[in-house]
Amino acid sequence: MTDTRHTRLLIIGSGPAGYTAGVYGARAMLNPILVQGMQPGGQLTITTEVENWPGETEIQGPDLMVKMEEHARAAGTEIITDHISDLDLSKRPFTAKGESGTIYTADAVILATGAQAKWLGLPTEEKFKGFGVSACATCDGFFYRGQEVVVIGGGNTAVEEALFLTNFASKVTLIHRRDELRSERILQDRLMKNPKIETLWFHELAEVVGEDDPLGVEAVRVKHVKTGEITEIPCKGVFVAIGHAPASELVKDQLETHMGGYVVTKPDSTETSIPGVFAAGDLTDHKYRQAVTSAGMGCMAALEAERFLAAES
């Protein structure tokens with residue numbers, strides 16, 4: 001027999017947005033249910049040092065997410081280890097199906113499913129993730145003061161990351177498989193004028209080279225896309241900046257999206273195109289993508305869900 005659970009507020013996703021929504025939803029006496037998803041804790045669970053979370057000079061990403069989960073639980077959020085495989089937003093109560101077989105019905109839903117950085121899929125890239133290979137210059141650039149780094153990509157994200165890294169690194173090499181950038185012209189102008197940045201055209205990352213004990217990057221090997229020639233570039237950090245993919249599969253045909261799948265919310269709000277459905281964090285944020293801004297949006301979503309439900313009762 002299928003187990004069906006009803007809640008006034010269902011939160012889907014368990015990064016900073018989801019857990020913060022849980023804290024605020026519980027404090028509003030909504031008795032929220034939070035379904036954690038495939039990666040409990042979200043992207044921060046694959047991050048090492050976090051040095052930009054207010055109140056923590058330095059904390060490990062997984063430790064921060066354990067604290068946030070404990071806080072949401074202590075506030076009164078019911079946290080369930082399950083993955084939502086189907087979500088019906090066509091009528092209320094909204095219905096979500098879990099892979100466990102449980103069906104969740106809810107008067108309001110907060111979507112906090114996040115986004116994932118796109119990766120190249122190289123074995124050495126995977127090996128050194130968190131140990132010299134990163135997808136977030138804002139998160140990790142600070143660790144490369146006075147060192148040489150490389151950035152992979154040619155769009156806005158790559159150029160913004162390269163420019164940001166010049167605040168710390170002694171040299172930034174931007175590696176792009178074409179001979180022109182896809183980024184906005186103003187960003188290209190800034191890139192070309194920056195003496196710390198060197199651009200390597202017609203190349204792609206072939207291999208990350210480093211030490212095993214302790215794990216750390218020493219260089220990259222890049223391949224010329226036309227000749228196949230391999231060049232080794234010394235560096236301590238590799239930033240893969242080929243974009244992010246929002247985890248909007250559940251709702252892409254039900255909610256308004258833009259920018260490659262990010263859920264659209266109303267200005268200064270977390271309200272989506274369906275009343276009673278709210279979106280927070282990286283699922284909707286293609287601009288900042290920070291833990292602290294995600295947490296802020298989780299707070300906003302819970303407050304807005306509370307007001308929505310109160311107006312109905």
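Filtering region 23-44 to residues that are within 18 Å of residue 291 (Cα to Cα) and modelled with pLDDT under 95 leaves 37, 39, 40, 41, 42, 43, 44.
When each of 198, 184, 125 is tested for being acidic (Asp, Glu) and surrounded by 16 or more Cβ atoms within 10 Å (Cβ to Cβ), the lone residue that passes is 125.
Residue 24 falls short of the stated requirement of being assigned to a helix (DSSP H, G or I) and under 30 Å from residue 128 (Cα atoms). Would you please name the residue that is farthest from residue 262 (Cα to Cα), looking only at residues in region 231-246 that are assigned to a strand (DSSP E or B) and at pLDDT below 95? Filtering first and then ranking leaves 244. Checked against (1) surrounded by fewer than 19 Cβ atoms within 10 Å (Cβ to Cβ); (2) in contact (Cβ under 8 Å) with a residue 40 or more places away in the chain, residue 173 passes all but condition (1).
When every residue of region 120-137 is checked against the conditions, none turns out to be part of a strand (DSSP E or B) and over 17 Å from residue 241 (Cα atoms).
Within region 48-63, residues that are surrounded by 15 or more Cβ atoms within 10 Å (Cβ to Cβ) have Cβ atoms under 6 Å from residues that are among the polar types (S, T, N, Q) and not in a helix (DSSP H, G or I) in these pairs: 61/47, counting only partners at least 6 apart in sequence or on another chain.
Being assigned to a loop (DSSP other than H, G, I, E, B) and at positive phi is the filter here, so list the residues in region 254-290 that pass it. Step through it out loud before you land on a result.
To start, the set of residues in region 254-290 that are assigned to a loop (DSSP other than H, G, I, E, B) comprises 254-256, 259-261, 264-270, 272-276, 280, 284-290.
Those that are assigned to a loop (DSSP other than H, G, I, E, B) and at positive phi: 259, 260, 261, 268, 276, 289.
Among the residues of region 121-140, those identified as touching a residue at least 40 places away in the same chain (Cβ under 8 Å) and either charged (D, E, K, R) or closer than 14 Å to residue 217 by Cα (or both) are 124, 125, 127, 128, 129, 130, 131, 132, 133, 134, 140.
Of the numbered criteria (1) among the small types (Gly, Ala, Ser); (2) touching a strand residue (DSSP E or B) at 6+ places or on another chain (Cβ under 7 Å); (3) outside any helix (DSSP H, G or I), the one residue 162 fails is (3).
The values are calculated or read from the model by the stated rules, or taken from the named source; none is laboratory data. Remember, predicted model here, so these are calculated numbers, not experimental data. Don't worry about glycine lacking a Cβ; one is built from the backbone with ideal geometry, like all the others, and counts go over all protein chains shown.
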